[in-house]
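First comes the structure, then the notes that go with it.
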Amino acid sequence: MPVSSWPRPRLEKAYRNYAMEYVKTAAPVMVQLFGPEEAGHLLRLTGKLIGMQYFDEVAQALSQARGGANEFAGFVRALFDAQDDVAEIVNSAASFEIRQQSWTLMADVADYHPACASVLEGLFEGLAAGCGRHIPVSLKTASAGRPPFVWSVG
């Protein structure tokens, strides 16, 4: 069937798959080309800009809204569910801790480097900025930069 006659859901899935494969391929290549330190910086910055630019579109698709740390935690839960990643959110008085047990996108990447996690860190910083001003996000990774990831929000 010609692409011009594809139904909208099929086109959206094709665009999503292309974007995901691009990240899976580009992140390790950037580490090879620029080295871990510079690649980590570039990946984090790129992820942050993408998160800020696309928060509203992703939030709408996930039936989420702008707001503060509470709204961002709900957004993150919906996002992890949508991408089949296992995560647990623990609420404390002033913040949230999110324990991400899997990163399905990068799980099978053979030439993965810990600097690749920088794209995810930047993405969440950008998404938090898109959700509401002054929502701090920090990431702690396990050894080798692979899950489990521990996110602190708020």
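Quick check: is even one residue across segment 136-148 in contact with a His (Cβ under 8 Å, 6 or more places away or on another chain), touching a residue at least 24 places away in the same chain (Cβ under 8 Å) and more than 16 Å from F80 (Cα to Cα)? Yes, segment 136-148 contains at least one residue that is in contact with a His (Cβ under 8 Å, 6 or more places away or on another chain), touching a residue at least 24 places away in the same chain (Cβ under 8 Å) and more than 16 Å from F80 (Cα to Cα).
Residue check: R16 meets all listed conditions (1) over 26 Å from V90 (Cα atoms); (2) surrounded by 15 or more Cβ atoms within 10 Å (Cβ to Cβ) but one, namely (2).
Residues checked against (1) part of a helix (DSSP H, G or I); (2) open to solvent by 80 Å² or more (accessible area, probe 1.4 Å):
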| site | (1), (2) |
| --- | --- |
| L42 | yes, no |
| L45 | yes, yes |
| M52 | yes, yes |
| I89 | no, no |
| A93 | no, yes |
| A110 | no, yes |
| A117 | yes, no |
| L120 | yes, no |
| A129 | yes, no |
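For segment 54-68, filtered to residues that are aliphatic (A, V, I, L, M) and open to solvent by 30 Å² or more (accessible area, probe 1.4 Å), the residue that is farthest from C116 (Cα to Cα) is A65.
Taking the criterion of being assigned to a helix (DSSP H, G or I) and open to solvent by 30 Å² or more (accessible area, probe 1.4 Å), the residues of segment 95-108 that qualify are T104, L105. Filter segment 131-152 down to the residues that are under 13 Å from G67 (Cα atoms) and open to solvent by less than 30 Å² (accessible area, probe 1.4 Å) and list them by number. Listed by number, the residues that qualify are C131, G132, I135. Of the residues making up segment 57-102, those that are farther than 15 Å from L127 by Cα and among the acidic types (D, E) are D81, D84, D85, E88, E97.
The values are calculated or read from the model by the stated rules, or taken from the named source; none is laboratory data. Fair warning: this is a prediction, and the values are worked out from it, not measured in the lab. All Cβ positions, glycine included, derive from the backbone under ideal geometry; neighbour counts span all protein chains shown. For accessibility, only protein heavy atoms count, side chains too; no ligands or nucleic acids. Shrake-Rupley method; radii C 1.70, N 1.55, O 1.52, S 1.80 Å.
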